[in-house]
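First comes the structure, then the notes that go with it.
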Amino acid sequence: MYEKLYMSVLAEAPNEEIFSKIPVWVEEAQGKTVDEMRRLFAGVAEQFHDLLRRTPDPDKAMTIEHPKCGRLDTHFSGILQHDLLQSINCRSRWD
């Protein structure tokens, strides 16, 4: 679910669109076997690759606005690195 959230933020999807999809993403991952989760992650990885291919400037400036946390001026690459570090930290707990 978190990977889809970060990908949506990177794709600059509107908050309303992202927030409305969160329950769907949570339900999608519920009760899955390890193999089913691997397939879900493989699909998200391919979507990330597509997003990266469509992003000519990974250091482009972007502003993220959250209704509770406020506004964050950042760069595409900063959000991408945050997501990668989160994934690495999660994986290291399970390895």
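The values are calculated or read from the model by the stated rules, or taken from the named source; none is laboratory data. Note that the structure is predicted; figures quoted are calculated from it, not measured. Reconstructed Cβ throughout: ideal geometry from the backbone, glycine too, with neighbour counts over all protein chains shown. Accessible surface areas use protein heavy atoms only, side chains included; no ligands, DNA or RNA. Shrake-Rupley method; radii C 1.70, N 1.55, O 1.52, S 1.80 Å.
The set of residues in the range 40-84 being surrounded by 12 or more Cβ atoms within 10 Å (Cβ to Cβ) and either basic (Lys, Arg) or assigned to a loop (DSSP other than H, G, I, E, B) (or both) consists of Thr55, Pro58.
Looking across the range 63-83, the residues that are within 16 Å of the chain's Cα centre (by Cα) and of a type in the set (Gly, Ala, Ser) come down to Ser77, Gly78. Among the criteria (1) in a helix (DSSP H, G or I); (2) open to solvent by less than 90 Å² (accessible area, probe 1.4 Å); (3) at pLDDT 90 or above, the one Glu16 does not fulfil is (2). Selection over the range 19-35 of residues that are in a helix (DSSP H, G or I) and open to solvent by 70 Å² or more (accessible area, probe 1.4 Å) gives a count of 8.
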